[in-house]
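I have placed the structure first, in the form of structure tokens, so that the comments after it can refer back to it.
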Amino acid sequence: MSFEQAMAELDQVVSKLERGDVALEDSIRLYERGAALKAHCERKLKEAEEKVEKITVGPDGNAAGTSKADV
């Protein structure tokens, strides 16, 4: 599941819970699903953060390569 898909589903879960018209058992199930989606999104963000690279510039002002970003 992509980050965007997980966020969209998480938004739906939150909306349902905020309405307050969901049965207790369903609320618990939705809460658990929301927690799992939140964890998934956090993992995806961490993976993306680790892949981010910064461009290094040489003395002539041109791109000289890339290096890992300082996180």
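What follows draws every value from the coordinates through simple rules; no lab data is involved. Bear in mind the structure is a predicted one, so any value in this text is a computation, not a measurement. Note that each Cβ is placed from the backbone with ideal geometry, even for glycine, and that neighbours are counted across all protein chains shown.
Points worth noting:
- Here each label is just a point 7 Å from Cα along the line to Cβ, and for L45 and V14 those points are 1.1 nm apart.
- Note on Q5 and I28: with the Förster distance fixed at 25 Å, the Cβ-Cβ geometry gives a FRET efficiency of about 0.65.
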